[in-house]
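See below for the structure under consideration.
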Amino acid sequence: MNLLRYPLIKTLLKNRWPQFTIMLVALAGFLLAVLSGLFGTPVGSRNFGIVFVWIAWWAILMLVAVPFLGRGWCSICPIPAPGEWLQRGKLLGPGEFNHRGHGENQKKGSVFSVVKPLNRRWPKRFRNIWLQNGTFLLVALFSAVILTQPRVTAIVLAAFLFAAVGISLIFERRAFCRYLCPVGGFIGLYSQLAPVEVRVVDTAVCASHVEKTCYTGSVNGYGCPWDVFPPGMVKNTYCGTCMECLRTCPHDNIAINIRPFGADLSVERNRKLDEAYKAFIMLGAAAVYSTVLLGPWGALKLAAYSVGGLPWLAYAASFLTFILLALPGLFWLTVWAGKKISGSALPVKESFVAQSYALVPLGLAAWAAFSLSFVFANFSYVLAALSDPLGWGWDLIGTAGVTWTPWLAGLTPFLQVGVLVGGFIWAAVTSRKIAAEKADSAQAVKLSTPVIVFCLAFTLTLMGLLVA
Amino acid sequence: MKRIVVSWAVLGAAALLVAFAPFNLQPVTSNVERIFRVEAGDFAYSPAVLHVNPGDNVTIKLVATDVVHGLYVDGYDLSVIAEPGQPAVLSFTADRPGTFRLRCSVTCGALHPFMTGKLKVGTNLLLWRGIGLALLAFLGILTLRSPGLPIVH
Ligand SMILES: [Cu+2]
């Protein structure tokens, strides 16, 4: 079902103002988070930066936005906004078209006339998400500190902003979002599960459209900022749902479809090792965090927190070994076992990459279950931080005195079990379907069973960590 | 076709049973006095996991070894705060079976939100239900083997 059939939705999405306004609000919140991190109280649970980013934003992202809207967050994310404005030389639409999207009709002396973006193509060998896997791991290794120290959160957020501006001035389009942003990487991976998609209605219309304004841009909008060619799009992974193609298509050929959850997982095209590794990294990180941050072992928490010390080095080494070697290695063995017992002629590597897409729903369920255990328990901090964002004793809306009270503490474990079991079923069905793409029914069962056992073992482990 | 329908029905009934049946595995309450001395320091409780039986009278003597710490019991909605040198006592009857998280209730430093422990009261029925459901799902996927069965969509 195409949501754009509803005129109100279409108008709201096609018009730049709603998106621009939300982005500005998000940018204000982002800047407040950075400022409160730098100048507010160093006590994390009293600081707007920590509380808003790691409790409020994280909860909305992992429990609502990603599962239901995919890259919805990316379409209003404030981090690339300043860089994009400089790159385009405009705050809003392109108006008078010129191929670089900046220059001509600018007021003299404005910042836009001084900045000269280079608009280079992103280097070909980095046109994958390996760098993004790296940036995520980099953040992940320091997460115990980033999550708890307002200064560090502020510095990391500011670094994202500066990196995004810098990249926007050197490279064309949204290279930062697409190839570097540690958050964008996993949002993209999990956006394959979302029940919405931006797609073209009829590719034949695109084929006869010479200008391809969805990619090159027009007076009505910019060429795809995510460097995606909309008619060729078969998955959500790299579509930032920014709505530019909706604005630039002269034939009204863009649709926003409601579709079954996880539809992209059965797309055989474009399965890649870098994305497979993204799935491993996310799955492994959810398990490690559930152990370290939520487990009862104080020594592990201190090791993760004491950055630079010997215990931290040991933690970092085990973290990387587990995520980059042990988990993929174990998965390789299960795929290999499936090949042996099924007699499938498919190369192990091909099955390994294909089957790793079954870990996408498993991973999202793991992250949702992990997030559930601290999001509601600490949500009362949000009310206090809203009233006293810097922890300076203010009381703007009268809720600064709200004491810490866990919400839904009795219900959380039930939700976690439900989410984990649901994730397992989803992963198992996905594994079976992927196996059946290149095998008959009986062979597919044998091919996928070891992978399903792997998913079962992971689910039970996480259940043990979170609710046992 | 008929066999598939029957299998699904059996599986569904089993899943409902595992998920919701009011198993009563807990022994009759014994009213045993359980006294724990729990040290709180360095963002951890020691011991971090407390085992009791349903009906036990639990007394937790919380000793803060560095700064002020609290102890909140999920599901029981009880809490206690101890200052260094001034142990505090929390007494209650463990009348709800299951596993409950202990959380520090006083901001005690950077890792405070992750300062947790566990109170285990008798059998963790929820965990067994979860394991049962996962195994049933596994069984279902193995036996109802036609690929692409509409479990998700
Ligand atoms: Cu504490």
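Read-outs: derived from the displayed coordinates by stated rules, not from any lab. Small disclaimer: the values here were computed from a predicted structure and weren't measured. Don't worry about glycine lacking a Cβ; one is built from the backbone with ideal geometry, like all the others, and counts go over all protein chains shown.
What to note about this one:
- Backbone phi angles across region B:128-138, fed through the Karplus curve with coefficients 6.51, -1.76 and 1.60 (θ = phi - 60°), yield HN-Hα couplings of 5, 4, x, 4, x, 5, 5, 5, 4, 4, 4 Hz in residue order; Gly and Pro are listed as x.
- Förster radius 41 Å - calculated FRET efficiency between B:A19 and B:L78 (Cβ-Cβ, nearest 0.05): 0.90
- With a Förster radius of 35 Å applied to the beta-carbon distance between A:K340 and B:I4, the computed FRET efficiency rounds to 0.75.
- In region A:104-189, trypsin sites (Lys or Arg not before Pro) in a DSSP loop with at most 11 other beta-carbon atoms within 10 Å: A:K107, A:K108, A:R121
- Using θ = phi - 60° and Karplus 6.51 cos²θ - 1.76 cosθ + 1.60, couplings along region A:219-234 (whole Hz; Gly, Pro as x): 4, 8, x, 8, x, 2, x, 8, 6, 10, 9, x, x, x, 7, 10
- Region B:33-122: Rg to Rh, with Rh as the Kirkwood radius over Cα pairs: 0.94
- Per-peptide packing, taken as the mean over residues of other Cβ atoms within 10 Å, places A:4-11, A:389-396 in the sequence A:389-396, A:4-11 from highest down.
- Residue pairs, from the table A:K272/A:K446; A:K116/A:K278; A:K90/A:K272; A:K124/A:K235; A:K278/A:K446; A:K124/A:K278, whose Cα atoms sit over 30 Å apart: A:K116/A:K278; A:K90/A:K272
- Rounded to the nearest 500, the helix-only mean residue ellipticity at 222 nm of the protein assembly as shown stands at -14500 deg cm²/dmol, with each DSSP H run of n ≥ 4 adding -39,500 (n - 2.57).
- Per-residue packing, averaged as other Cβ atoms within 10 Å, sorts the ranges A:284-296, A:16-28, B:105-117 into the order B:105-117, A:284-296, A:16-28, beginning with the highest.
- Packing, taken as the mean count of other beta carbons within 10 Å per residue, orders the peptides B:84-90, A:334-340 from highest to lowest as A:334-340, B:84-90.
- Taking 15 Å as the straight-line reach from the Cα of A:K438, the aspartates and glutamates in range (excluding those fewer than 8 positions away in the same chain) are A:E268, A:E350.
- Counting every pair of alpha carbons in region A:245-375, the share spaced more than 24 Å apart comes to 48 percent.
- Top positive-direction residue, dipole computed over region B:33-122 with Cβ charges, set B:A64, B:A94, B:A40: B:A94
- Residue mean of other protein chain beta carbons inside 10 Å, B:96-106: 3
- Region A:372-387 and region A:221-257: distance between their alpha carbon centers, rounded to Å: 36 Å
- Cα-based Rg / Dmax (Å) for region A:273-466: 20.6, 69
- Local electrostatic count at A:R16 - Lys and Arg +1, Asp and Glu -1, tallied over other residues with Cβ under 11 Å: +2
- Phi to ³J(HN,Hα) by Karplus 6.51 cos²θ - 1.76 cosθ + 1.60 over region A:341-351, Hz, x for Gly, Pro: 6, 9, x, 5, 8, 5, x, 4, 4, 5, 5
- Cross-link reach is defined here as a Cα-Cα straight distance under 12 Å, omitting same-chain residues fewer than 8 places apart; for B:K118 the aspartates and glutamates meeting it are B:D74.
- Region A:407-439 versus region B:40-60: alpha-carbon centroid distance in Å: 32 Å
- Peptide-level mean, for A:165-174, of C-beta atoms on other protein chains within 10 Å: 0
- Total charge dipole magnitude, chain A, about the Cα centre, Cβ charges on Lys, Arg, Asp, Glu only, Debye to nearest 20: 900 debye
- Region B:45-90 - Debye-derived log10 I(q)/I(0), Cα point model, q = 0.16, 0.23, 0.30 Å⁻¹: -0.45, -0.88, -1.26
- Partner shielding of A:455-468 amounts to 4, given as the average count of beta-carbon atoms from other chains within 10 Å of each residue beta-carbon.
- Placed amide H near A:G295: partners under 5 Å, 5+ positions off or other chain: none
- Cα lying deepest toward the dipole's positive end in chain A, options A:A317, A:T461, A:W426, charges on Cβ: A:A317
- Paired Rg and Dmax values of the protein assembly as shown, which use every Cα atom, in angstrom: 26.2, 84
- Using Cβ point charges alone (K and R +1, D and E -1), the dipole size of region A:273-466 about the Cα centre works out to roughly 660 debye.
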